[in-house]
Structure formats: C-alpha cells, structure tokens
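Derivation of every value follows stated rules applied to the coordinates shown; laboratory data play no part. Everything numeric in this text was worked out from a predicted model, so none of it was measured. Cβ coordinates were reconstructed from backbone atoms using ideal geometry, including for glycine residues, and neighbour counts include every protein chain displayed.
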Amino acid sequence: MLQLKENFPMESFKSLINAFFQFPAYVMLPLIILVIALIIRMKFKDALISSLKLAAGFAGIFIAFAFFVENINPAVQALTQVRGLDLPILDVGWPPLAAITWASPLAHISIPMIILINAIMLSTNLTKTIYIDIWNYWHFAMLGTFILSSSQSMFLGLFATALVAIYAIKMSDWTGPLLVREMGLKGLTLSPLSTLGLLPYANGMDALLERIPGIKKLSFNPSRQGEDKKTTLLAEPMVIGFIVGVLLGIAAAYAFKEILELGVHIAAVMFILPKCGSLIGEGMGAVSTKLRNVIQHRFPKKTGLLVALDVGIVMHNKSILTTGIILMPLAIALSLVIPGNKTLPLGDLPTLIAQVSVIVLVCRGNVIRSVLLGIPLVIGYLLIATAMAPLITTLAHQVGAYAPEGVLITALTDGGNPIRYWGLMLFKGNIVALTLIPVMIVLLIISRNRYHAQIKEQA
C-alpha cells in the first residue's frame, strides 16, 4: 500500500503527460501559448485570437501536407512499378517516431529536465532562447530513446537527451539573426532539432561555396521577387509546384488528365503553405513581443531574448518553399540510384521543406546554392533512414505504433536525421563517428563567428 502511494504522483504525472500529448501539435501548442499569454496578462480577447491564428496556421500546414502525401504516394508507387524497382523499406513519416518517443519511459522525465536546462541556461546567460515549443521536445527524447533501447541505460539515454537539447538551444540562438536578416522576424527563432541541427553544416558548406569562383556567382532568389523581371514567373512556388507535379506524373506514366491534376494539386499545396505560415507569424507576433517585454521588465539585463517556435513561422518564405519542392523529386530520383539505399521516400517527403529552411536562410534565399547543399543532405537522409529501419520497426512494434507486419518502416528526414544518428553512433563508440568530432568543432566555430558578425551588423 505504501509503495502504491509512493508511485501515485509519478503515475499521475505520466497519465497527465500521456493525455496531453494525445492532442495533435496544432491543438497542443496553441493551448500552451494561450496559457502563457494569460499568465503574462495579455487581454483574453487578444490571447485567444493569437492562439486561434496559430492553431489555424498549423492545422492548415498539417492538412496541406496530408493532401500532398495523399496525392504524391500513388505517383511514387506507380513510378517504382513502371521502372521495376525494389525499395522495400517504407517511409511512413514522423508520426510513428513521435509515438515511439512519447511511449518511452524517459520521455516523461525529459520534459521537466529540458525546461530546467533551458531555465538554467537563461539564468546564467548561456542562451537568449526561451524554448516554449514543448511538442518538439520529442526530437531530443528520440535520441535518448534510441540509446536507451541499444544500451538499456536510462542514465545514458537522459544524458544524450540533455546534450542534444543544449545543442539545439544554442543553435536556436545562432538562428535568430538569420530570421531578422532574411524575413524581418525579430524576437523569434526556430525550434526543431531536425532543422536547427543542420546549421553548422549549412554554414560550413556555404563558406566553402563562397570560395569557388563559378558557383559563388550563381543566384536565384524567389523571396526577392520583382528585382529581376525575367525570373518573376519561376519565383512563384506555385508555378514550380505545378511543373514538379507534371514531371512526376509523366515519369509515373500517368494519363494526361492525371498529370494535370497532380500538377494542380501540388501547386495548390505550394499556394496554401505561405498563407498558413503568415497566420502563424501573426498569431505569435503579439505573444512573443509581450513575453519578451515582461521578462525584460523583471530582468532588465536580459536583452535580445528569442522565442523558439516550429518552422511554420517561415513557411511563407518563397525561397524555402521553392527549394523544398525542387528537392522532393530529386529525393525520389536519388533513391532510385544511390547504392545501398532501400528506402522509398513517401511520408516524410513534404517535411523536406521544413528541414532545409535553415539552409535557405544561411544561403540568403539563394535557391541554387540551397539545392546544391540539399543534395548531399538528401543522400545522407536516404542511407541513414535505411540503416535505422530495423531499430525503428522493432520499437514501433513494441509500442503499437503504425508498422505493417513483415515490412520495415522508417522516416526519411527524422529517421535519417544526421545529427541524431551521429549522436547514436558516438554513444556506441563508433570510430568514424569519433573522428568526425574535430570536423564538427570547426563547423561550430564557423557558425559562432558568423553569428557574432550578424549580431554586429544588426546592432
């Protein structure tokens, strides 16, 4: 009886957390924002409208992505059948990975631990980021879940979760000036590890391309549409989406009617996403400003604070959308020819837009350079997603997540995330992973130097 009473608070906490995370992200995050808005004494009307705009924007993105997958899947499946290809590993997207993570015993401990880490970093001036995007904590806990499964050590799992959380929070700091420079979004930054984790890679590769005479002059920037009238038509992501849909339909041997329908459907997604992104920006604008002002009023020395949010806040950037939609058919094409790949990109294809957003920001909206950086990334996604499929499938079966019997599952971008995979290999003592530590240190130094340079420019 005594043991039951001792376990009751923890069991109640787990039940509360499990119930809370049953809500989709577009319900849960606006609820968190509404509570925060009321705590910082925003008017109820303003707080509610901001939260509903945020909810509508995120729900719109989820709906658009679901519509995209619904239309693209048959085309990709038809393409593989027409070409007689064997890609047995199914890309089911990120939801099963989130389910695996939240079912892990360390997930419930991770939430208060990450909040505490962020609070300590803020109080000791190690960060300027207020990381309120609790939904995306699963990106940190997933690494811990993989390590827990491999090592059976809760300590190592939590330690890895803490390390990757600290890393992401610092990358949030360094991403803030990019949002100001490229989009005029002050006081906001990005939150997901799957996006932020690529910042050192983006900075390092961008610095390298700056030193290659021919390539450094190549530029195409749809987000600055109108500066060059010759590129106005192709500067519209909707037009690029239509072209990609038509080409994919042709490659899949669709009938003429189906080709045009696929083109229009993808064009529609590319038109809707920026509208949803704008709604999210409107919803968060007032709340983030009020939150920063309240904190800075109570702690006058805390200046330049940033609120970390999901990548939905940048979904209205035309360069990001154009880069993502170009990389989607390239990912399908690469999956057909890369030796060792067994993954057919499907469920996670639309998330390429979100993942490459930080690359596009680093490249100043230059789509040509962003695509060049995106191609090696996509190859890495394919190979890592293939390598991770057995572990992901096993964990999915253990927690009852979606995993068809006899089929290996994975997720292109989240299952194939290079930072998370590198972390897993480091904890396994992999020699190649260990030799990459000096490379990562150099990339972090480049990123830090660029961050400080941007801060000086914007001062």
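Structure summary
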quantity: Computed P(r) (all Cα pairs; the stretch 21-104; 10 Å bins; percent); calculated: 15, 30, 26, 18, 8, 4, 0
quantity: Whether the chain is rounded, prolate or oblate, judged on the alpha carbon gyration tensor where a/c under 1.5 counts as rounded; calculated: rounded
quantity: Residue order, fewest to most surrounding Cβ atoms within 10 angstrom, among Met142, Met284; calculated: Met284, Met142
quantity: Global form of the stretch 111-159, assessed from the alpha-carbon gyration tensor, a/c cut-off 1.5; calculated: prolate
quantity: Order of Thr124, Thr343 - criterion: other Cβ atoms within 10 Å of each residue's Cβ, fewest first; calculated: Thr124, Thr343
quantity: Relative contact order (%) - the stretch 74-208, alpha-carbon pairs under 8 angstrom, separation at least six; calculated: 20 percent
quantity: Leu188 long-range amide H proximity, modeled H, under 5 Å; calculated: Val307
quantity: The chain, helix-only ellipticity at 222 nm - DSSP H runs n ≥ 4, -39,500 (n - 2.57), divided by all residues, nearest 500; calculated: -23000 deg cm²/dmol
quantity: Helix runs (DSSP H) in the chain reaching 20 Å along axis by Cα, Kyte-Doolittle at least 1.6; calculated: 25-39, 107-123, 237-251, 318-337, 367-399
quantity: Phe62-Phe299 FRET efficiency (beta carbon distance; Förster radius 25 Å; 0.05 resolution); calculated: 0.10
quantity: In the stretch 14-111, the trypsin sites (Lys or Arg not before Pro) that fall in loop regions by DSSP, at most 16 other Cβ within 10 Å; calculated: Arg41, Lys43
quantity: Label-point gap, in nm, between Ile455 and Glu405 - each point 7 angstrom along Cα→Cβ; calculated: 5.8 nm
quantity: Packing-based exposure ordering (other Cβ within 10 Å, fewest first) of Ile63, Ile272, Ile130; calculated: Ile63, Ile272, Ile130
